[in-house]
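Here the structure is laid out as structure tokens; the discussion comes afterwards.
The values are calculated or read from the model by the stated rules, or taken from the named source; none is laboratory data. Just so it is clear, the structure is predicted and the values come from calculations on it, not from any experiment. The accessibility values were calculated without ligands, DNA or RNA, using every heavy atom of the protein model including side chains. Shrake-Rupley method; radii C 1.70, N 1.55, O 1.52, S 1.80 Å.
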Amino acid sequence: MSYLRTFAPWIVYAVIPSANWNWGSLAALLVALLVVARQTSAGRTLDAQIIEIGSAVFFAAMTVLAFADPHTALHPYAPALSSTALAVIAGASLAAGRPFTLGIAKQSTPREFWDQPLFIRTNVVITAVWTASFVIGAITLAAVAHDSTTRTVVQIAAFVAPATFTIHYSRRIQAKAAALRGLAS
């Protein structure tokens with residue numbers, strides 16, 4: 001559920017028809033701001049909201065662009081720009097040593113595991129997969145910018161593939177950790 005909340009602005013933006021991209025950008029901005037406000041008031045620190053804050057910044061810029069020049073030549077490339085923004089945010093979180101998935105994972109992981117090398121390494125791997133998916137998505141979306149059907153498929157795949165990986169990889173790591181704890185007992 002945390003990933004759904006994290007990417008809610010992007011989902012809102014994706015489901016609003018492209019012809020209304022200005023309103024889609026505004027709706028996504030409002031959702032991003034709401035998510036950050038709700039999570040902050042619930043006690044989630046800003047460093048655990050890397051994607052959420054990056055999303056708000058991106059959609060603020062997109063909203064200004066979309067209302068200032070709704071017919072800009074950049075419009076068909078908005079999905080590619082979205083994936084590029086996510087790739088930059090995710091990649092920057094890796095480069096800073098704070099993979100964006102760490103804050104999400106902490107929501108469902110007991111505190112005693114947060115500093116464990118395996119927990120941190122798992123989140124580095126998962127964030128790297130998300131980053132790679134966003135990069136591949138951005139490149140592909142730029143190539144198919146004028147094909148709305150293919151663009152939709154690519155956008156969905158760029159989220160479903162890393163989400164599926166995250167679920168399966170997390171389960172595999174949890175099973176290995178449980179087996180190691182069993183051997184230590």
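Karplus-based coupling profile of segment 122-130, in residue order and whole Hz: 4, 6, 5, 4, 5, 5, 5, 5, 4, with θ = phi - 60° in 6.51 cos²θ - 1.76 cosθ + 1.60 and x standing for Gly or Pro.
At 1.4 Å probe size, put LEU86, LEU180 in order of accessible surface, largest to smallest.
Largest to smallest exposure gives the sequence LEU180, LEU86.
Using a ≥ b ≥ c from the Cα gyration tensor of segment 89-159 (square roots of the eigenvalues), is it rounded, prolate or oblate, where a/c under 1.5 gives rounded and otherwise the larger of a/b and b/c decides, a/b for prolate?
Numbers: a/c = 4.04, a/b = 2.61, b/c = 1.55.
Verdict is prolate for segment 89-159.
Entry note, the chain: relative contact order of 19 percent, from Cα contacts under 8 Å with a spacing of 6+ residues. Among HIS146, HIS168, HIS75, the order of accessible area from largest down is HIS146, HIS168, HIS75, computed with a 1.4 Å probe on protein heavy atoms.
Using equal-weight Cα scatterers in the Debye expression, the normalised intensity of segment 1-154 in log10 at q = 0.09, 0.13, 0.14 Å⁻¹ is -0.30, -0.60, -0.69. If you average the alpha carbon positions of segment 159-185 and of segment 76-123, how far apart do those two centres end up, in angstrom? That distance is 17 Å.
Summed over the residues of segment 41-185 and divided among them, the accessible surface reaches 53 Å² per residue at a probe radius of 1.4 Å. Here segment 10-51 has 72 percent of its accessible surface on carbon and sulfur atoms, given a 1.4 Å probe and all protein chains in place.
Put ARG171, ARG111 in order of accessible area, highest first, and with a 1.4 Å probe you get ARG111, ARG171. Among the protein heavy atoms, those of VAL88 account for about 90 Å² of accessible surface (1.4 Å probe, every chain in place).
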